[in-house]
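Okay, so here's the structure we're looking at.
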Amino acid sequence: MKPVRKMLASLCALAAVLAMLSACSGSKDGDGSKDRNDAPIGWSTCNALFGADRIDALQDAMGEGTLETLNSSIPVDELMSGRADLTRRWEPGKELSLRTRDHPCELGVDNTNRRFNSYVTWALETPEKIKAGKSGSGWDPVGSDVYVKREDAGLHFAAVFPCKIKDSHESQEADLPFEVETEVKNVPDFDTELLGEMTAQFVRALAEGLPCTNDLHVPAAL
């Protein structure tokens, strides 16, 4: 019986070592780039506007460290309803605080200056002005009446698009379009194609949530 007991003892010791190694390996994975700070509203807003899979890809592209929400994001339905309500109050010649920006999803890697920012505002440059060459250079048409400007080696996107809000002034679609921006800072090797996909999804999410009554075609990436 003694040899059997010795063999069982050896097997138990081996199992304990394997379990310890497995636990260490699991802990390492848990502390990897998918770590995020605890901010349920912020993460749900980012996921709703950009897609959870793209936020995961963004986190991988931002490098090691814990990804944090940097501002207290408002829920998506509040963002949409607030913008739509203000748009309905607009009339030609009324400023409506046109440069007021919402910052729905702002992320950063802890203890670094690596950042992802997003903005929503009313556009000062309308598609008609851009098309007529009155808004400077660098604007490219994509999809249906969507214009995009890429700056900072493709790490900063601005997209202008018409969005007719129900019950707004009849000229609102043409004269008061929307603008979104996305930018990545201090990650020079960031995947610009991913940022283009995120920006396109951002436009689609706003067009659906506001909601825009005009037929807006947005490609998979900008």
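Output the pairs from K129/K149; K149/K185; K94/K164; K134/K185; K94/K185; K164/K185 with a Cα-Cα distance over 26 Å in this structure; if there are none, say none.
K134/K185; K94/K185; K164/K185
Got a sec? What order do C212, C46 fall in by accessible area at 1.4 Å, biggest, i.e. largest, first? Can you show the working numbers first?
Details: C212 20, C46 0 Å².
Highest to lowest solvent-accessible surface, that is C212, C46.
Could you compute the FRET efficiency for S44 and T112, with r as their C-beta to C-beta distance and R0 at 25 Å, rounded to 0.05?
Using R0 = 25 Å, I get an efficiency of 0.55.
Calculate, for the range 106-202, the solvent-accessible area per residue in square angstrom, rolling a 1.4 angstrom probe over the heavy atoms of the protein chains.
43 Å²
So if each residue of separation counts as 0.36 nm, and I subtract the Cα-Cα distance between A174 and D191, what length gain in nm does that give?
Residue separation times 0.36 nm, minus the Cα-Cα distance, leaves 2.8 nm.
From the square roots a ≥ b ≥ c of the eigenvalues of the alpha-carbon gyration tensor of the range 116-168, which class results: rounded (a/c under 1.5), prolate (a/b over b/c), or oblate? List each step's numbers first, then the result.
Values: a/c = 2.05, a/b = 1.26, b/c = 1.62.
In terms of gyration-tensor shape, oblate.
Of the peptides 142-153, 191-202, how do they stack up when ordered by the mean number of other Cβ atoms within 10 Å, highest first?
Peptide ranking by packing, descending: 191-202, 142-153.
Along the range 104-118, what does the Karplus equation 6.51 cos²θ - 1.76 cosθ + 1.60 (θ = phi - 60°) give for ³J(HN,Hα), rounded to whole Hz, x for Gly and Pro?
Result, rounded to whole Hz: x, 8, 10, 10, x, 8, 4, 6, 9, 9, 7, 9, 10, 10, 9.
Among N71, Y119, C105, whose Cα lies farthest out toward the positive end of the dipole of the range 67-176, if unit charges sit on the beta carbon of Lys, Arg (+1) and Asp, Glu (-1)?
Positive-most Cα among the choices belongs to Y119.
Length gain on complete extension for the stretch D102 to H217, per 0.36 nm per residue less the alpha carbon to alpha carbon distance?
Extending this stretch completely gives an extra 39.1 nm.
Can you give me the % of accessible surface on the range 39-178 that is carbon or sulfur? Probe 1.4 Å, all protein chains present, nothing else counted.
So the carbon and sulfur contribution to the accessible surface is 47 percent.
Between N71 and E95, what's the calculated FRET efficiency when r is the beta-carbon distance and R0 is 30 Å? Round to 0.05.
The value I calculate is 0.75.
Quick one: grab the alpha carbon gyration tensor of the range 62-167, order the square roots of its eigenvalues as a ≥ b ≥ c, and give me rounded if a/c is under 1.5, else prolate or oblate depending on whether a/b is larger than b/c.
oblate
At 1.4 Å probe size, what's the solvent-accessible area of L222? Round to the nearest 10 Å².
20 Å²
Please work out the FRET efficiency for the pair K166 and A132, using the Cβ-Cβ distance as r and a Förster radius of 30 Å; give the result to the nearest 0.05.
So, using R0 = 30 Å, E works out to roughly 0.60.
The values are calculated or read from the model by the stated rules, or taken from the named source; none is laboratory data. Computed from a predicted model, the values in this text were never measured in an experiment. For neighbour counting, all protein chains shown are included, and Cβ atoms are generated from backbone atoms with ideal geometry for every residue, glycine included. Protein only, heavy atoms only, side chains kept; ligands, DNA and RNA dropped before computing areas. Shrake-Rupley method; radii C 1.70, N 1.55, O 1.52, S 1.80 Å.
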